[in-house]
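Presented below is the structure to which this report refers.
The values are calculated or read from the model by the stated rules, or taken from the named source; none is laboratory data. A quick note: this is a predicted structure, and the numbers were derived from the prediction, not measured. Keep in mind that these areas ignore ligands, DNA and RNA; they rest on the heavy atoms of the full protein, side chains included. Shrake-Rupley method; radii C 1.70, N 1.55, O 1.52, S 1.80 Å.
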Amino acid sequence: MVRETCAAAARFLAAANCCASTRATIRPELEAAVRLAGEIRSSGVHVTLVVHEHKRLGRGIELVMLAEELKASDVGLEFLAGELEGSHDPSGIVFTVLAAMSGMEREYIRDRTLEGHESARNRGKTIGGAGVTDPDMLSMALHLRDEKEMSLRDIAKRLVITTGTKKGQHPSPATVMRMLREHDEQAAALTSA
């Protein structure tokens, strides 16, 4: 789905003789394009920034900041697809509403994802990749932590994954920490019961 969306965006932008930018938070290509558009506009030529969809510009505050920059430079804006297809004045109310909608959409997606994870956990499903720990690994990690007083990073370097696609690799320090924390929580629950 994402690959198809990116490919469609690339086709739209190529047809409009434009270059593509990524979803990265630091986008030097976009910053350079906006700066160049402002410079060209200051020479008296009308300039329009062309974007595939409003979602490609950013969400929430990022979009408001971009709108302010375009407004200050008197640069127009055109969307090639989506709900706002067509040319727009970045100084208008469209950006205010758009920024609010985009920010709300981000929160909605996040909330639905978290609800989905919680629902899966309640049904006994595991979130994330396949487990790489086993009782032998836990036993060795406990020994290294308690007897040798080693750091998580050093413990992880000494452990080896014995099954699955990561067989032969070392677990991450985060995995070791999670494994030890879960053990400690279970032990505390047993002693308090």
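For region 66-193, with all protein chains present and a 1.4 Å probe, just round the carbon and sulfur fraction of the accessible area to a whole percent.
52 percent
Which lysines have a Cα less than 28 Å from the Cα of LYS71, not counting those fewer than 8 places away in the same chain?
Filter leaves LYS55.
Once the cut-off is 14 Å, how many percent of the Cα-Cα pairs in region 115-189 end up in the long-distance tail?
Tail fraction, whole percent: 65.
Could you go through region 176-184 in sequence order and give the Karplus-derived ³J(HN,Hα) for each residue, using 6.51 cos²θ - 1.76 cosθ + 1.60 with θ = phi - 60°, rounded to whole Hz, and x for Gly and Pro?
4, 4, 5, 4, 5, 5, 4, 4, 4
In whole Hz, what ³J(HN,Hα) sequence does region 33-40 give by Karplus (6.51, -1.76, 1.60; θ = phi - 60°), x for Gly and Pro?
5, 5, 5, 5, 4, x, 5, 5
List the residues, sorted by chain then number, that are 5 or more residues from VAL50 or on another chain and whose placed amide H is less than 5 Å from its amide H.
Placed amide hydrogens put GLU78 under 5 Å from VAL50.
What accessible area per residue, rounded to a whole number of Å², is obtained for region 100-193 using a probe radius of 1.4 Å?
Normalised by residue count, the accessible surface of region 100-193 is 75 Å².
Below 22 Å, Cα to Cα, which lysines can LYS125 reach? Residues fewer than 8 away in the same chain don't count.
Once the sequence-local lysines are set aside, what remains near LYS125 is LYS166.
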